[in-house]
Every structure is written in C-alpha cells, then in structure tokens.
1. Mind sorting Trp127, Trp132 by how few other Cβ atoms lie within 10 Å of their own Cβ, fewest first?
2. Tell me, what does the Kirkwood hydrodynamic radius of segment 82-121 come to in angstroms if you use every pair of distinct C-alpha atoms?
3. Order the peptides 111-117, 152-158 from the highest to the lowest mean number of other Cβ atoms within 10 Å of their residues.
4. Could you tell me the ratio Rg/Rh of the chain? Both radii from Cα atoms, Rh via Kirkwood.
5. Taking the Cα atoms only, what angle lies between the long axis of helix 51-64 and the longest principal axis of the chain, rounded to 10 degrees?
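Where a number appears in this text, it was derived from the coordinates with a stated rule and is not lab data. Predicted model only: the values in this text are computed from it and were never measured. FYI the Cβ positions are ideal-geometry reconstructions off the backbone, even for glycines, and counts take in every protein chain you see.
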Amino acid sequence: MATVTVPLAAARDRRLPAVSVRSGRSADGYVPVAVATGSLGIGWVLVLLGPPGWLLLALTSDWFRDEVTVHLPHTEREFRRRHRVERARRDGIVGTVAGAAAGLALSRTPGLLVVGLAITCVSAALWVAASWARGALTPDLRLDGERLILAGVHEDFVAAVGRAGLARR
C-alpha cells in the first residue's frame, strides 16, 4: 500500500483517475466518503457523563464534526461490499437504541430486561465490528489545507494519479 497527495478539489469533483484506490483495477464509479475537518468541539462534554454519555457521543459524533465529502474510485464489487458494511453498521445502531429502549421500558420484568440488554449488547457489538470493517475498506484520509492525503491506497492508483498530473508533493 502507498500514499499519495492530491488536490482536494479533484477528489470533491470526481476528477481522480478511474482506478480503484483499493485494488488498482479499473473503477466502475466513485464512492462518497466523508473526511472530518475538525474535532468534536462541544461533543467532548459528553465524555464527562460516563457510560451513558459515551454511548450518546458514539451515536451522535457525526453531528458535532465538520466534514468534507470526497469521491474515491471503486470497483462494483468493492462498492457492494462497502454498502453491506454500511447497512450492518446502520442496523447495529438501530438495534442498540431499540434494545436499550426496550430494556428500559420493560425493566420492571427481570426476564425482559435481560432480553433488552442482550439485544443492546449484540447490536452494539455488530455496530463496532461494522465500524472497524468500514475503516479497513477506506484508505486513511487526512486534509492538509487544500490537499487530500490518501494513505493505504494501491500503487496502481498512485501511478494513475501521477500520469494524470494530480500528484502533489
């Protein structure tokens, strides 16, 4: 895997070469990916609330963060895999919230409380696993002013960027 720096505008405007960032094969399209531009800001206050605040922060961290959407070339197979991971992540979030709500609503019945907590734990584990998988499918993206640094991309993508004249030092 390699690292390349490209103009942010090229990544935003789908002007990167049609070579997959993951496999180096000919890309079938572009996948939108959000790149954080800052910290969580006031969201860090939720850390002080303990475990409930941590869960709330994990669920809402995207709301506190500014981001830029870039478009990275992928093959159809990579796109489908990423879509499955995103769906599993979304289902994990919904299950976590629903399980916690059910557990709280049914807390007077000990057996049902355990079921609600079990649903919450399993859904949270699915959510965490899907989030890690999403990270493995996406190159490391960092902003440096008006440049985007892509680390962990295929060498054929780097070569294509160089041939297109988009590589920056």
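1. On the way: Trp127 22, Trp132 12.
Ranking Trp127, Trp132 by Cβ neighbours within 10 Å, fewest first, gives Trp132, Trp127.
2. Mean inverse Cα-Cα distance, inverted, gives 10.4 Å.
3. On the way: 111-117: 14.4, 152-158: 18.4.
Put in order of decreasing packing, that is 152-158, 111-117.
4. Here the Rg-to-Rh quotient is 1.09.
5. For helix 51-64, the angle is close to 40 degrees.
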